[in-house]
Amino acid sequence: MQKGQVVKLDRGYPLVRTDGGRLVRCEHATALVKGEQVRAVIGDWVEVAVPEGHDKGIIEAILPRTRAFVRKDPTERALPQVLAANFDRVFVAQPLSDMNFKRLERELVLAYETGAAVTVVLTKADLAESEDAVRAVRDRVRELAGPAAETVVVSAADPASVEAVRVLVPAGTTAVFIGKSGVGKSSLVNLLVGHEMQETAEVREGDGKGRHTTVSREMIPVPGGGYVVDMPGVRGLGLWDADAGIEAAFADVEQLAEQCRFRDCRHLDEPGCAVRAAVDSGELSEARFASYQGLRQETAQVKERREEARRLRGEKASTSGKRRPPKSRKGKRG
Ligand code: GDP
Ligand code: ZN
């Protein structure tokens, strides 16, 4: 058995770099993927067996993840989907002159939820109208991301701007890029590695839509630095466990909520609600409050569905004669 790290996902097959430096294409041991849908993801440390005369290695175990980027599986109702593991930083990329702040709020929640350092990368700075426009966006992002997140402004036309990103990926660390397709992630990765690593989507004249390119997910070494992982083709960013992420991404609202009269205030029509008061006074924008409530509701719903699925599984298990440990009862709050 050898230890190794998944450095690439190639058409579903993990490519593992063993401690010995060998690259082995792997499949999962049946015992590992039976029942629970556990799959090794990019960044995972794994134990691999390479049987004699076998063309593929076999992943026997996935070691505990220090960090994971998790979203709700877009095809299933209540399953988590891990997209990357064991990274140190999440870069959230958005184009400076075409920001989607609502999406940014969601991306920040998912990024903060991982516990990694978070940096917002504002791309395509060359397309910005003016310095003032750049400043205005930066201010707005700082407002949304809070003091914990750094913001860097880059332009593919200005390679020097990319240095601000490079210093955030020192040797021995791994950073993950998230962001909608077309925001300029691959261009940025190419600049970081100094050569064309990834196919860059060509933008069709007129509709601005990128040509669809399939790129395999991989850990790409930055010369003199650590690794970057681009996550192409990640469309939906449904929340999974997101309480901590929401708390971090909406620290301003959470702070207000602490002043609410009821600890479990839903900020709807409860008396003594400090959050609603802040919205009424204009201290907290209506839009931000709506985002907060929406994301909280989304994660609460996922949690509910998850519980329901667990209950259903429990019933099934009991009828088929399997025993399960008794479910722990959660104490009611307040
Ligand atoms: P990805 O889908 O996030 O990886 O985005 P790409 O790196 O493929 O870039 C999408 C499009 O934006 C391509 O046409 C790039 O040439 C263009 N692009 C990327 N970075 C910049 C930039 O800094 N300035 C400008 N003007 N265009 C850029
Ligand atoms: Zn309240």
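The values are calculated or read from the model by the stated rules, or taken from the named source; none is laboratory data. Every value quoted in this text rests on a predicted model; they were computed, and no experiment measured them. Cβ placement follows ideal geometry from the backbone for every residue including glycine, while neighbour counts extend to all protein chains displayed. The area values use the complete protein model at the heavy-atom level, side chains included, leaving out ligands, DNA and RNA. Shrake-Rupley method; radii C 1.70, N 1.55, O 1.52, S 1.80 Å.
A few comments on the model shown:
- Net charge dipole size for the chain [Lys, Arg +1 and Asp, Glu -1 on Cβ; Debye, nearest 20]: 1860 debye
- In segment 119-164, taking the dipole from charged Cβ atoms about the Cα centre, the farthest positive-side position among Val137, Thr123, Pro147 is held by Pro147.
- Carbon/sulfur fraction of accessible area - the chain, other protein chains in place, 1.4 Å, %: 48 percent
- Gaussian network model of the chain, springs between alpha carbon atoms under 10 Å - residue of Glu47, Glu36, Glu113 with greatest fluctuation: Glu36
- All C-alpha to C-alpha distances of the chain, sorted into 10 Å bins beginning at zero, yield P(r) values of 5, 22, 29, 24, 14, 5, 1, 0 percent in whole numbers.
- Among Tyr292, Tyr13, Tyr112, the sequence by solvent-accessible area, most first, with a 1.4 Å probe is Tyr13, Tyr112, Tyr292.
- Placing +1 on the Cβ of every Lys and Arg and -1 on the Cβ of every Asp and Glu, with nothing else charged, gives segment 69-230 a dipole about its Cα centre of roughly 480 debye.
- Angstrom value of the Kirkwood radius, inverse mean 1/r, which spans all Cα pairs in segment 1-157: 17.8 Å
- Relative contact order for segment 25-124, counting Cα pairs under 8 Å that sit 6 or more residues apart, in percent: 23 percent
- DSSP bridge orientation in the chain - percent antiparallel, rounded to nearest 5: 60 percent
- Net charge of Cβ neighbours under 9 Å - reference Arg276; Lys, Arg +1; Asp, Glu -1: -3
- Note on segment 69-230: Rg/Rh from Cα positions, Kirkwood definition for Rh, rounded to two decimals, is 0.94.
- Approximating the spin labels as points 7 Å out from Cα along Cα→Cβ, the Leu63-to-Arg17 distance works out to 1.4 nm.
- Cross-link pairs exceeding 22 Å in C-alpha to C-alpha distance, out of Lys8/Lys102; Lys72/Lys124; Lys72/Lys303; Lys3/Lys185; Lys3/Lys180, comprise Lys8/Lys102; Lys72/Lys124; Lys3/Lys185; Lys3/Lys180.
- Accessible surface calculations at 1.4 Å, restricted to protein heavy atoms, place segment 69-230 at 47 Å² per residue.
- Computed over protein heavy atoms with a 1.4 angstrom probe, the accessible surface ordering of Lys56, Lys185, largest first, is Lys56, Lys185.
- In the full protein context, segment 2-63 carries 55 Å² of accessible surface per residue, based on a 1.4 Å probe and ignoring ligands, DNA and RNA.
- Rolling a 1.4 Å probe across all protein chains gives His195 an accessible area of roughly 100 Å².
- For segment 1-81, relative contact order (Cα pairs under 8 Å, six or more residues apart, normalised by length) works out to 26 percent.
- The solvent-accessible area of Met1, taken with every protein chain present and a 1.4 Å probe, is close to 150 Å².
- Length-normalised contact order of the chain in % [C-alpha pairs under 8 Å, at least 6 apart]: 14 percent
- Three-way shape label, segment 149-194, alpha-carbon gyration tensor, a/c 1.5: rounded
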